[in-house]
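First up is the structure itself, then whatever we jot down about it.
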Amino acid sequence: MRSKYFVTGIGTEVGKTVVSAVLARALGADYWKPVQSGDLDFTDTDKVRQWAGLTEKRIHPEAYRLQLPMSPHASAAADGVRIELEHFQLPETQNALIVEGAGGLMVPLNDQDCMIDLIGRLGLPVVLVSRNYLGSINHTLLSVEALRARNIPIAGLVINGDQVLTTESIITKMSGLKIWFRIPVLPQITAETIAQLAAGWPDR
């Protein structure tokens, strides 16, 4: 079976979409964003399509496209819909597949289910994206603990941004995870920079 991964993060704006684009390019994968909340004029799907150079056949439509840039449960309520876990089904494809979440693991989808529940339903190993900032040790270790409590396998830890050795060494020591890949600070994100990063992905 071709590789299938769920890309999630320790919070919002940590670089999940960039990592998804790099993985899609490196693995020749399809891409699926189950829930898009806000930014419908230039969605994460649009970004990955452009950055990774994906054809329309390798892009799978969102299950929910919500108007407001809010937590999915709130954005869905504003749109008069309810997100239901039963509505999510993995796209059928013979290619590898990259699935990108919204926000972090405990972002609510409705009044009882969170993003981590969707990950569990889809049954995919996780690529966990972390970024160095004050508090990221706590957020990263809590994310690892939450995933392990649900027996969700972690395929790899990706660090986005500047290297901070004191932060990264304690995360790897306490979690037992190795840093799978690093995304440097990118002054500009283009198809060319994504292609360069994809060429260096260790398990491509």
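Bear in mind that the values in this text are calculations on the coordinates, not laboratory data. A quick note: this is a predicted structure, and the numbers were derived from the prediction, not measured. Every residue, glycine among them, receives a Cβ derived from its backbone with ideal geometry; neighbour counts consider all protein chains shown.
Being aromatic (Phe, Trp, Tyr) and not in a loop (DSSP other than H, G, I, E, B) is the filter here; which residues of the range 64-96 pass it? TYR64, the sole residue that qualifies.
Among the residues of the range 160-177, those that are in contact with a helix residue (DSSP H, G or I) (Cβ under 8 Å, 6 or more places away or on another chain) and over 21 Å from GLU13 (Cα atoms) comprise ILE170, MET174, SER175, LEU177. Kindly check whether there is at least one residue in the range 89-99 that is surrounded by 17 or more Cβ atoms within 10 Å (Cβ to Cβ), in contact with a Ser or Thr (Cβ under 7 Å, 6 or more places away or on another chain) and closer than 25 Å to VAL22 by Cβ. Yes: the range 89-99 contains one or more residues that are surrounded by 17 or more Cβ atoms within 10 Å (Cβ to Cβ), in contact with a Ser or Thr (Cβ under 7 Å, 6 or more places away or on another chain) and closer than 25 Å to VAL22 by Cβ. For the range 125-159, taking the residues that are surrounded by 22 or more Cβ atoms within 10 Å (Cβ to Cβ) and in contact with a Lys or Arg (Cβ under 8 Å, 6 or more places away or on another chain), the one that is nearest to GLU13 (Cα to Cα) is identified as VAL129. Taking GLY103 as the residue in question, decide whether it is more than 19 Å from the chain's Cα centre (by Cα) and at positive phi. In short, no. For the range 31-72, a residue qualifies if it is surrounded by fewer than 15 Cβ atoms within 10 Å (Cβ to Cβ) and basic (Lys, Arg), and exactly one does: LYS57.
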